[in-house]
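Q: Here's a structure for you.
The values are calculated or read from the model by the stated rules, or taken from the named source; none is laboratory data. Computed from a prediction, not measured in an experiment: that's the story for all the values here. Glycine also receives a Cβ, built like all others from the backbone with ideal geometry; neighbour counts cover every protein chain displayed.
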Amino acid sequence: MTAEIKILDTQASNQIAAGEVVERPVSVVKELIENALDAGSTQIEITIEGSGIERIRVQDNGQGIPAEELPLAVLRHATSKIRSIDDLMQLQTLGFRGEALPSIASVSRLEIISRPPAEISGRVLRVEGGDQLEFDHIGSPPGTTITVDDLFYNTPARRKFLKSKNTEFGQISDVIGRLSLARPDVSFILKHPKVLVLQTPGRGLLLESIGAVLGQATARRLLPISCVSGDWQLKGYISPPDLVRSTKQGETLIVNQRIIRSNSISRAILEGYHTLIPAKVYPIVVLNLQIPPHEYDVNVHPTKMEIRFHKEKELMEFIAEGVRRTLLEAHPVTPYEKFS
Ligand code: ADP
Ligand code: MG
């Protein structure tokens with residue numbers, strides 16, 4: 001076969017990118033919340049209908065998008081967060097790829113309403129399957145409200161791969177729980193569709209957010225962990241050895257306020273619990289690692305959940321040792337005496 005080489009049109013290339021960036025409803029929710037956090041929001045309200053397939057709405061009270069920039073927000077590789085690849089070395093934001101909104105716009109009916117607090121009115125931008133339908137003035141509270149309707153309506157193959165509504169919604173509430181643990185200073189509200197599923201106070205107290213997300217009974221039993229080595233800092237809460245689960249679901253790993261997945265850190269934690277818990281059970285941990293941004297790379301995968309650490313071995317020893325020491329120090333006192 002001889003076929004001509006041609007450059008894909010914008011819509012096709014955005015839909016292909018969407019395959020990686022927004023695999024399922026939960027990925028849309030995560031990207032929208034990360035944008036709200038990058039915009040400095042202190043309150044984020046998420047409304048989900050039909051497990052995210054019918055509607056995902058994220059309303060924030062952040063800095064908003066200036067009117068003249070709004071149409072740019074849905075263009076591929078358009079970002080206000082970095083200017084060159086070097087900026088990744090001191091990245092302060094969760095986003096940097098400029099891919100989420102164009103990807104979402106290409107596979108849904110998207111509406112963005114935004115008003116920077118200093119403006120007197122807002123703007124609305126509506127895009128359907130990548131085509132801009134409307135850009136106009138609109139009355140709006142300060143901040144940004146993004147509504148994603150009929151996700152994957154124009155990519156039936158993708159839609160077919162979605163799991164049951166319960167599974168999709170479970171993933172959404174799970175990721176919102178984790179994001180709220182990463183940012184106890186922000187109040188998160190999740191509604192589905194009229195039922196209040198989760199609300200965190202946003203007062204900056206991690207244990208309060210843990211109570212809201214994992215339950216008060218769990219929060220009361222956790223041990224605080226806090227260790228420092230040079231410019232590395234590890235803080236958070238870990239469960240006593242008799243409070244374990246059969247899955248890794250109870251593990252929330254946060255690096256510089258970003259929720260991540262890391263098999264190395266999971267292993268390091270288990271090493272810290274070594275001999276104190278049986279095989280195939282997992283502790284409940286919420287671990288915040290603060291390390292200089294130039295000591296790791298987040299540009300590994302479009303979902304930005306994976307991280308490569310430059311000093312992986314030393315870092316894992318630091319984490320394992322911190323967990324071990326915390327458990328040993330707590331050991332002389334039985335959990336019941338200490339936390340009742
Ligand atoms: P990225 O987050 O990687 O920059 P996105 O496609 O997610 O790319 O967003 C594009 C741009 O739109 C952002 O750089 C930001 O300027 C703007 N933006 C998106 N969501 C919001 C929001 N909730 N509040 C303010 N600005 C936003
Ligand atoms: Mg983003």
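Q: Suppose we filter the stretch 5-24 for residues that are of a type outside the set (Lys, Arg) and either more than 22 Å from GLN132 (Cα to Cα) or assigned to a loop (DSSP other than H, G, I, E, B) (or both); how many remain? Quick ask: steps written out before the conclusion?
A: Here is the first cut: in the stretch 5-24, the residues of a type outside the set (Lys, Arg) are 5, 7-23.
Cutting the leftovers down to either more than 22 Å from GLN132 (Cα to Cα) or assigned to a loop (DSSP other than H, G, I, E, B) (or both) gives us 5, 7-9, 20, 22-23.
Matching residues across the stretch 5-24 total 7.
Q: Among the residues of the stretch 3-22, how many are without any contact (Cβ under 8 Å) to a residue 24 or more places away in the chain and of a type outside the set (Gly, Ala, Ser)? Write out each step before concluding.
A: Step one: filter the stretch 3-22 for residues without any contact (Cβ under 8 Å) to a residue 24 or more places away in the chain, giving 3-9, 12, 16.
Going one step further and asking which of them are of a type outside the set (Gly, Ala, Ser), we end up with 4-9, 16.
So the answer is 7.
Q: Residue check: is ILE176 assigned to a helix (DSSP H, G or I), in contact (Cβ under 8 Å) with a residue 12 or more places away in the chain and under 30 Å from GLY211 (Cβ atoms)? Give the steps one after another, and end with the answer.
A: Numbers: assigned to a helix (DSSP H, G or I): yes; in contact (Cβ under 8 Å) with a residue 12 or more places away in the chain: yes; under 30 Å from GLY211 (Cβ atoms): yes.
In short, yes.
Q: Applying the selection to the stretch 207-235, what residues are within 19 Å of ILE319 (Cα to Cα) and in contact with a Gly (Cβ under 7 Å, 6 or more places away or on another chain)? Walk me through it before giving the result.
A: Step one: of the stretch 207-235, the residues within 19 Å of ILE319 (Cα to Cα) are 222-235.
Correct list: ILE225, CYS227, LEU234.
Q: Another question, if that's okay. Among the residues that make up the stretch 85-103, is at least one of them away from ligand 2 (no atom under 11 Å from the Cβ) and either of a type in the set (Lys, Arg) or in contact with a Gly (Cβ under 6 Å, 6 or more places away or on another chain) (or both)?
A: Initially, the stretch 85-103 is screened for residues away from ligand 2 (no atom under 11 Å from the Cβ), giving 85-92.
Imposing the further condition that a residue be either of a type in the set (Lys, Arg) or in contact with a Gly (Cβ under 6 Å, 6 or more places away or on another chain) (or both) reduces the set to none.
No, the stretch 85-103 has no match at all.
Q: I would also like to ask the following. List the residue pairs whose Cβ atoms are under 7 Å apart, where the first residue sits in the stretch 70-96 and is without any contact (Cβ under 8 Å) to a residue 24 or more places away in the chain and under 22 Å from GLN15 (Cβ atoms), the second is more than 10 Å from ligand 2 (Cβ to nearest atom) and not in a helix (DSSP H, G or I), and the two are 6 or more positions apart or on different chains.
A: Correct list of pairs: LEU72/ALA78.
Q: Now for a different question. Does SER209 satisfy the condition of being in contact with a strand residue (DSSP E or B) (Cβ under 7 Å, 6 or more places away or on another chain) and outside any loop (DSSP other than H, G, I, E, B)? Show your work before the answer.
A: Numbers: in contact with a strand residue (DSSP E or B) (Cβ under 7 Å, 6 or more places away or on another chain): no; outside any loop (DSSP other than H, G, I, E, B): yes.
Considered against the rule, which asks whether it is in contact with a strand residue (DSSP E or B) (Cβ under 7 Å, 6 or more places away or on another chain) and outside any loop (DSSP other than H, G, I, E, B), SER209 comes out as no.
Q: Go through the residues of the stretch 61-84 one by one and say whether even a single one is more than 11 Å from ligand 1 (Cβ to nearest atom) and either within 30 Å of PHE309 (Cβ to Cβ) or within 21 Å of the chain's Cα centre (by Cα) (or both). Quick ask: steps written out before the conclusion?
A: Keep residues of the stretch 61-84 that are more than 11 Å from ligand 1 (Cβ to nearest atom), which gives 67-68, 83-84.
Retained after the next criterion (residues that are either within 30 Å of PHE309 (Cβ to Cβ) or within 21 Å of the chain's Cα centre (by Cα) (or both)): 83-84.
Yes, the stretch 61-84 contains a residue that is more than 11 Å from ligand 1 (Cβ to nearest atom) and either within 30 Å of PHE309 (Cβ to Cβ) or within 21 Å of the chain's Cα centre (by Cα) (or both).
Q: In the stretch 85-135, how many residues are out of contact with any strand residue (DSSP E or B) (no Cβ under 8 Å at 6 or more places or on another chain) and more than 10 Å from ligand 1 (Cβ to nearest atom)? Break it down stepwise before answering.
A: Our first condition is that a residue be out of contact with any strand residue (DSSP E or B) (no Cβ under 8 Å at 6 or more places or on another chain); within the stretch 85-135, this holds for 85-87, 89-93, 95-100, 102-103, 106-107, 116, 118-120, 130-131.
Next cut, more than 10 Å from ligand 1 (Cβ to nearest atom) only: 85-87, 89-92, 106-107, 118-120, 130-131.
Residues meeting the conditions: 14.
Q: Being among the hydrophobic types (A, V, I, L, M, F, W, C), under 20 Å from ILE44 (Cβ atoms) and either buried (at least 24 other Cβ atoms within 10 Å of the Cβ) or assigned by TED's automatic domain parsing to the domain that holds ILE53 (or both) narrows it down to one of ILE138, ILE112, ILE120, so name that one. Spell out the reasoning first.
A: Details: ILE138 fails: under 20 Å from ILE44 (Cβ atoms); ILE120 fails: under 20 Å from ILE44 (Cβ atoms).
ILE112 is the lone residue from the list that is among the hydrophobic types (A, V, I, L, M, F, W, C), under 20 Å from ILE44 (Cβ atoms) and either buried (at least 24 other Cβ atoms within 10 Å of the Cβ) or assigned by TED's automatic domain parsing to the domain that holds ILE53 (or both).
Q: Here's a follow-up. Taking SER173 as the residue in question, decide whether it is over 21 Å from LEU289 (Cβ atoms), over 15 Å from the mean Cα position of the chain (by Cα) and polar (S, T, N, Q).
A: Details: over 21 Å from LEU289 (Cβ atoms): yes; over 15 Å from the mean Cα position of the chain (by Cα): no; polar (S, T, N, Q): yes.
Considered against the rule, which asks whether it is over 21 Å from LEU289 (Cβ atoms), over 15 Å from the mean Cα position of the chain (by Cα) and polar (S, T, N, Q), SER173 comes out as no.
Q: Got a sec? Which of ALA73, ALA17 is more than 18 Å from VAL124 (Cβ to Cβ), of a type in the set (A, V, I, L, M, F, W, C) and in contact with a helix residue (DSSP H, G or I) (Cβ under 7 Å, 6 or more places away or on another chain)? Outline the logic, then answer.
A: Numbers: ALA73 fails: more than 18 Å from VAL124 (Cβ to Cβ).
None of the other options fit; the residue is ALA17.
Q: List pairs: first residue in the stretch 42-68 and closer than 16 Å to VAL197 by Cα and crowded, with 18+ Cβ neighbours inside 10 Å, second residue at pLDDT below 95 and among the basic types (Lys, Arg) anywhere in the structure, Cβ distance under 7 angstrom, at least six positions apart or on different chains.
A: Correct list of pairs: SER51/LYS165.
Q: Name the pairs: first residue in the stretch 283-308 and on the phi > 0 side of the Ramachandran plot, second residue aromatic (Phe, Trp, Tyr), Cβ to Cβ under 9 Å, at least 6 apart or on different chains?
A: Filtered contacts from the stretch 283-308: LYS304/PHE96.
Q: Now for a separate question. Just wondering, is there one or more residues in the stretch 46-53 that are of a type outside the set (Asp, Glu) and within 16 Å of ligand 2 (Cβ to nearest atom)? Even if it seems obvious, please write down each step before you answer.
A: Restricting attention to the stretch 46-53, the residues satisfying the condition of being of a type outside the set (Asp, Glu) are 46-48, 50-53.
Subsequent filtering for residues that are within 16 Å of ligand 2 (Cβ to nearest atom) retains 46.
Within the stretch 46-53 (the criterion being of a type outside the set (Asp, Glu) and within 16 Å of ligand 2 (Cβ to nearest atom)), the answer is yes, since at least one residue qualifies.
Q: Of the numbered conditions (1) assigned to a helix (DSSP H, G or I); (2) within 15 Å of ligand 2 (Cβ to nearest atom); (3) touching a residue at least 12 places away in the same chain (Cβ under 8 Å); (4) closer than 30 Å to ALA157 by Cβ, LEU37 satisfies every one except a single condition; which is it?
A: (4)
Q: For the stretch 282-293, which residues satisfy the criterion of being modelled with pLDDT of 95 or more and not polar (S, T, N, Q)?
A: Taking the stretch 282-293 first, the residues modelled with pLDDT of 95 or more are 282-292.
Once the filter is applied, which keeps residues that are modelled with pLDDT of 95 or more and not polar (S, T, N, Q), the stretch 282-293 yields TYR282, PRO283, ILE284, VAL285, VAL286, LEU287, LEU289, ILE291, PRO292.
Q: If I filter the stretch 310-318 for residues that are among the aromatic types (Phe, Trp, Tyr) and touching a residue at least 40 places away in the same chain (Cβ under 8 Å), do I get at least one hit? I'd like the intermediate steps shown before the answer.
A: As a first pass, look at the stretch 310-318 and keep what is among the aromatic types (Phe, Trp, Tyr): 318.
Of the ones still in play, those that are also touching a residue at least 40 places away in the same chain (Cβ under 8 Å) are 318.
There is at least one residue in the stretch 310-318 that is among the aromatic types (Phe, Trp, Tyr) and touching a residue at least 40 places away in the same chain (Cβ under 8 Å).
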